[in-house]
Amino acid sequence: MDSNVFVMDHPLIQHKLTHLRDKKTGSKEFRELVSEIATLMCYEATRDLPLEDIEIETPMGKAVTKVIAGRKLAFVPILRAGLGMVDGVLNLVPAAKVGHIGLYRDETTLKPVEYYNKLPSDIPERDVIVLDPMLATGGSAIDAITIIKRSCPKSIKFMCIIAAPEGIEALTAAHPDVHVYCASVDSHLNDIGYIVPGLGDAGDRIFGTK
Ligand code: PRP
Ligand code: URA
């Protein structure tokens, strides 16, 4: 596995992922699980945030303790399904800004089509974490990151729940500077570009549109 790819095998994430995959799980529980998994993944994906010392006063006296060193984050969900992860990551980092990239996969070509793009204006001062539950062929993630790079953020990470090996290979080849965080690398893509075993269509399951 590429050294830029981190598979989060924490038991809580893996347990929730099993329920997420289950076709009997309805939209309400599916949304809750996506959000909870996003929170747990964000905890790991922000592990390298730098700290600095500050002096505070506890009821017992002065103490030098740590705070995050002025790093600013932006989360960028890929619409639609990435929206399901936003609440979960904002639970941990409420001061982060949120940009949006709208892409959908053309069902015949499987190529992403851009339809929306709104990023925070101070993105050059921010570390960006791109959110999308599914990395299948990698086309959507590659295009989203290419679009975000035009605004020159400090760094970009990509956080998904399930990745296909094909998507990881394509994404790490196209953007070798981007660290990829996922909860599982599944077996393969089927002949219509769905991840196997996967969880089906993430957007449809989040929003109940099937
Ligand atoms: C899904 C998913 C990713 C993309 C992954 O979105 O949420 O964005 O497919 O596939 P790829 O790696 O082959 O590009 P979809 O295009 O179905 O749009 P939606 O989120 O609006 O349902
Ligand atoms: N998009 C999804 O929502 N699911 C897949 O398996 C592949 C792409």
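Between Arg71, Arg105, the distinction of being touching a residue at least 24 places away in the same chain (Cβ under 8 Å) and open to solvent by 80 Å² or more (accessible area, probe 1.4 Å) belongs to Arg71 only. Among the numbered conditions (1) of a type in the set (A, V, I, L, M); (2) modelled with pLDDT of 95 or more; (3) within 16 Å of ligand 2 (Cβ to nearest atom), the only one that Val113 does not meet is (2).
Of everything in the range 108-139 that is within 8 Å of ligand 1 (Cβ to nearest atom) and part of a strand (DSSP E or B), the residue that is farthest from Ser187 (Cα to Cα) is Pro112. When we screen Ile206, Ile195 for residues that are under 22 Å from Phe6 (Cβ atoms) and in contact (Cβ under 8 Å) with a residue 60 or more places away in the chain, the only hit is Ile195. Criterion first (of a type outside the set (Lys, Arg) and either away from ligand 1 (no atom under 11 Å from the Cβ) or modelled with pLDDT under 95 (or both)) does Ala183 satisfy it? Considered against the rule, which asks whether it is of a type outside the set (Lys, Arg) and either away from ligand 1 (no atom under 11 Å from the Cβ) or modelled with pLDDT under 95 (or both), Ala183 comes out as yes. Taken over the range 131-171, the residue count meeting the criterion of being within 15 Å of the chain's Cα centre (by Cα), of a type in the set (Ser, Thr, Tyr) and more than 10 Å from ligand 2 (Cβ to nearest atom) is 1. Number of residues in the range 177-198 that are more than 7 Å from ligand 2 (Cβ to nearest atom) and in contact with a Ser or Thr (Cβ under 9 Å, 6 or more places away or on another chain) equals 7. Scoring Asp2 on the criteria (1) within 24 Å of Pro165 (Cα to Cα); (2) at pLDDT 95 or above; (3) not polar (S, T, N, Q) leaves a single failure, condition (2). Return yes or no: is Ser187 under 16 Å from Cys42 (Cα atoms), open to solvent by 10 Å² or more (accessible area, probe 1.4 Å) and not hydrophobic (A, V, I, L, M, F, W, C)? No, not satisfied.
Residues of the range 158-171 include none that is on the phi > 0 side of the Ramachandran plot, free of Cβ contacts under 8 Å to residues at least 40 places away in the same chain and surrounded by 15 or more Cβ atoms within 10 Å (Cβ to Cβ).
The values are calculated or read from the model by the stated rules, or taken from the named source; none is laboratory data. Here the structure is a predicted model, which is why all the values come from computation and not from measurement. Ideal geometry is used to build each Cβ from the backbone, glycine not excepted, and the neighbour counts take in all protein chains shown. With ligands, DNA and RNA removed, areas are computed over all heavy atoms of the protein, side chains included. Shrake-Rupley method; radii C 1.70, N 1.55, O 1.52, S 1.80 Å.
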